[in-house]
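Student: Take a look at this one; I'll ask things after.
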Amino acid sequence: MQHTDLMEGRADGNVVEPFDVLIVGAGFAGMYMLHLARRLGLSAVVLETASGVGGTWFWNRYPGARCDVESMQYSYSFSEELQQEWHWTERYASQPEILAYANHVARKLDLLRDIEFNTRVIRAAFQEEDCRWSVSTDRGTQYRAKWCVMATGCLSATQTPNIPGLDTFKGGTYHTGNWPHEGVTLSGQNVGVIGTGSSGIQVVPELAKQAKHLYVFQRTPNFSIPARNRPMDPEYEDSWKTNYAERRALARSMPAGILSQFGDKSALAVSPEERLQEYERRWAAGGTSFLAAYPDLLKSAEANETAAEFVREKIRHVVQNPTLAEQLVPVDHPIGAKRICADTQYFETFNRENVTLVDLRANPIREISPEGITAGSDFYDLDSLVLATGFDAITGALSKIDIVGRQGLTLKEKWRDGPNTYLGLMSSGFPNLFIVTGPGSPSVLTNVIVAIEDNGRWIADCLAHLVEADAEYIEATASAEETWMDQVREAAEGTLYTQAKSWYLGVNIPGKPAVFMPYVGGVPTYQKICDEVAAAGYRGFSIGTRLKRTGRNMEAQRC
Ligand code: NAP
């Protein structure tokens with residue numbers, strides 16, 4: 001890609017030639033969007049903060065980082081060649097292997113030449129005069145593009161808690177979501193881990209093996225199912241590779257876009273013995289499809305309690321000290337209402353002599369000092385501190401960028417009371433700005449690569465339509481957006497998801513409005529709606545050749 005100082009009559013800055021499509025983020029979404037844009041013959045560039053591809057898998061390098069969707073499914077499906085040639089070595093892929101896969105894809109599709117690494121987008125402003133986005137980076141470069149695609153990821157903006165004295169701690173402090181690339185040696189150290197979500201549950205067993213003593217600071221216990229990770233069974237791999245197209249299609253017909261065995265009866269319609277047998281079978285099989293046992297587990301509190309109590313009993317069985325076991329048992333939310341975790345020996349780790357659970361519900365953290373943490377009246381002397389404290393999910397990466405739409409409206413202002421989008425794909429007031437796996441789409445409730453591919457294909461088809469129609473402009477209408485957000489809300493209200501203080505609701509971030517962000521209607525329903533909208537000539541979108549000034553306002557001049 002060529003940088004020039006003399007573009008469009010501007011000689012005063014580092015302005016880059018205009019692109020058809022500017023993509024923010026080089027994770028799986030950004031990489032796929034670049035591939036699709038090229039296939040349409042559009043000029044495209046990707047801007048990426050990191051020094052490599054992979055998105056969340058570039059940053060989350062903590063020991064034990066692993067995907068909780070089976071590796072045969074957590075990969076691109078758009079290329080038969082890719083899915084045939086890549087060999088996953090384990091049932092659930094580790095972070096290094098997923099990152100190696102991302103790099104393999106980037107090389108194979110020759111993506112790297114159009115990705116600008118080490119480049120953080122700080123501002124994106126829509127210029128009404130010519131329907132172009134002007135995008136500024138921390139390197140002082142300015143880009144211009146007709147269409148902007150935010151492929152910024154749902155779990156990419158890390159959340160560091162505001163604990164008094166955190167910045168005074170003199171040992172190493174490491175966030176799981178931004179783990180040092182050179183690795184960290186914690187052997188022989190007293191290590192504290194704050195947080196027991198998916199990241200904490202994965203990192204704790206690994207750190208316990210290294211640390212002299214590991215202190216796990218737990219505010220809320222979580223439900224976790226054993227992953228039962230194991231080396232890839234060649235026959236299993238073969239069965240997938242022989243039937244990939246069929247299995248991918250079947251996966252897409254399932255709510256999370258993940259091929260699972262779904263029960264079809266209510267958990268309450270079977271005898272307690274049959275239910276127990278089913279939960280035991282799924283517990284032994286391992287993985288998050290435990291929740292697929294009965295279709296009402298996330299709808300009926302009574303049904304949910306049967307699964308929750310089963311898992312609580314398992315924790316009580318695994319953890320030898322009964323008082324400790326009770327501290328690890330989740331009681332404040334329905335199972336699955338927070339993202340369920342998959343672990344390898346998490347609860348077993350608390351039977352080790354070098355591991356101590358610090359129950360923050362009984363003894364909240366008072367402060368962090370240079371030497372360690374004071375929780376309740378106890379002081380914990382620490383050499384290193386690991387923050388497994390999560391993310392400003394779904395909207396965090398977008399709100400870090402100063403996104404300015406029509407009439408100076410910022411996305412931050414518009415989303416002050418919660419994000420509003422049409423289909424998760426666009427937000428009214430922000431023409432020509434697409435979002436991949438945005439709020440109001442199934443995103444984090446799915447195998448996210450399925451969600452990325454579905455959104456990516458829809459956006460690419462839409463761009464092809466705009467090119468064909470010689471259109472310069474597309475914007476979600478306010479009324480379509482309002483109707484969609486009602487649907488998103490109604491779908492969530494019919495479930496138990498709203499009964500947990502989760503990052504799905506944004507309540508892990510101080511001041512963030514409590515709004516359930518993903519669309520829980522499932523992949524097939526969502527995709528059907530998106531396809532129907534497109535087939536109806538992009539119903540709910542305003543498409544035009546250009547913007548026309550009417551009084552003080554700009555309006556789309558329809559094609
Ligand atoms: P998370 O689920 O939001 O968990 C954050 C943890 O930090 C919670 O236990 C939270 O406690 C605790 N915490 C936050 N602030 C705290 C404070 N001030 N004091 C004490 N504790 C505090 O974040 P995560 O574990 O990084 O996971 C986020 C998501 O990333 C997952 O749900 C999953 O979707 C994805 N992920 C997936 C995998 C995988 O594929 N296996 C692995 C890692 C992450 P409270 O619950 O009390 O707020």
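The values are calculated or read from the model by the stated rules, or taken from the named source; none is laboratory data. Bear in mind the structure is a predicted one, so any value in this text is a computation, not a measurement. Cβ atoms come from the backbone with ideal geometry, glycine included; neighbour counts cover every protein chain shown.
Student: Can you name the residue in region 165-198 that is away from the ligand (no atom under 11 Å from the Cβ) and at positive phi and is also farthest from the chain's Cα centre (by Cα) among such residues?
Tutor: Among those that are away from the ligand (no atom under 11 Å from the Cβ) and at positive phi, it is G188.
Student: Let me ask another. If C341 satisfies every condition in (1) surrounded by fewer than 17 Cβ atoms within 10 Å (Cβ to Cβ); (2) touching a strand residue (DSSP E or B) at 6+ places or on another chain (Cβ under 6 Å) but one, which is the exception?
Tutor: Tallying (1) surrounded by fewer than 17 Cβ atoms within 10 Å (Cβ to Cβ); (2) touching a strand residue (DSSP E or B) at 6+ places or on another chain (Cβ under 6 Å), C341 fails exactly one: (1).
Student: Condition test on G197, is it at pLDDT 95 or above and under 23 Å from Y504 (Cα atoms)?
Tutor: The answer is yes for G197.
Student: Where residues in region 15-55 are surrounded by fewer than 20 Cβ atoms within 10 Å (Cβ to Cβ) and not charged (D, E, K, R), which of them is modelled with the lowest pLDDT?
Tutor: P18
Student: If only one of A93, A124 is in contact with a Ser or Thr (Cβ under 7 Å, 6 or more places away or on another chain) and crowded, with 21+ Cβ neighbours inside 10 Å, which one is it?
Tutor: Just one listed residue meets the conditions, A93.
Student: Read through the list (1) at positive phi; (2) in contact with a helix residue (DSSP H, G or I) (Cβ under 8 Å, 6 or more places away or on another chain), then give the number of the only condition that G140 fails.
Tutor: With respect to (1) at positive phi; (2) in contact with a helix residue (DSSP H, G or I) (Cβ under 8 Å, 6 or more places away or on another chain), G140 is out only on (2).
Student: Give the residue, chosen from A245, A267, A211, A251, that is surrounded by 13 or more Cβ atoms within 10 Å (Cβ to Cβ) and in contact with an Asp or Glu (Cβ under 8 Å, 6 or more places away or on another chain).
Tutor: A267
The rows are residues; the columns are (1) at pLDDT 95 or above; (2) more than 23 Å from Q73 (Cβ to Cβ); (3) more than 28 Å from the chain's Cα centre (by Cα).
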| position | (1), (2), (3) |
| --- | --- |
| R248 | yes, no, no |
| A256 | yes, no, no |
| E273 | yes, yes, yes |
| L291 | yes, no, no |
| D296 | yes, yes, no |
| K299 | yes, yes, no |
| T306 | yes, yes, yes |
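Student: What strands (runs of 3 or more DSSP E) lie completely within region 351-410 and have 1 or more residues being within 12 Å of the ligand (Cβ to nearest atom), of a type in the set (S, T, Y) and surrounded by fewer than 17 Cβ atoms within 10 Å (Cβ to Cβ)?
Tutor: Hits in region 351-410: none.
Student: Let me ask another. Residue under question is G521, and the condition is that it be within 17 Å of D454 (Cβ to Cβ), small (G, A, S) and part of a loop (DSSP other than H, G, I, E, B); does it hold?
Tutor: yes
Student: Filter region 337-346 for residues that are under 16 Å from G195 (Cβ atoms) and more than 10 Å from the ligand (Cβ to nearest atom) and give the result.
Tutor: Of everything in region 337-346, just one residue is under 16 Å from G195 (Cβ atoms) and more than 10 Å from the ligand (Cβ to nearest atom), namely Y346.
Student: Could you check how many residues of region 204-231 are under 15 Å from T389 (Cα atoms), among the hydrophobic types (A, V, I, L, M, F, W, C) and near the ligand (Cβ under 9 Å from one of its atoms)?
Tutor: So the answer is 1.
Student: Which of the following residues is assigned to a loop (DSSP other than H, G, I, E, B) and touching a helix residue (DSSP H, G or I) at 6+ places or on another chain (Cβ under 8 Å): I315, I335?
Tutor: Criteria check complete, one pass: I335.
Student: Just to be sure, is T196 among the polar types (S, T, N, Q) and surrounded by fewer than 19 Cβ atoms within 10 Å (Cβ to Cβ)?
Tutor: no
Student: Would you be able to tell me the number of residues in region 249-286 that are of a type in the set (G, A, S), within 28 Å of T344 (Cβ to Cβ) and out of contact with any strand residue (DSSP E or B) (no Cβ under 8 Å at 6 or more places or on another chain)?
Tutor: Adding up the residues that qualify gives 8.
Student: Within region 490-518, can you find the residues that are over 17 Å from T421 (Cβ atoms), among the aliphatic types (A, V, I, L, M) and either part of a helix (DSSP H, G or I) or within 14 Å of the ligand (Cβ to nearest atom) (or both)?
Tutor: Residues satisfying the conditions are A500, V507, I509, A514.
Student: Oh, and also: Please tell me if R312 is under 24 Å from the mean Cα position of the chain (by Cα) and of a type outside the set (V, I, T).
Tutor: no
Student: Right, here's the next one. In the list G540, G521, which residue meets the criterion of being under 16 Å from S428 (Cβ atoms), modelled with pLDDT of 95 or more, in contact with a helix residue (DSSP H, G or I) (Cβ under 8 Å, 6 or more places away or on another chain) and not polar (S, T, N, Q)?
Tutor: Within the list G540, G521, the selection yields G540.
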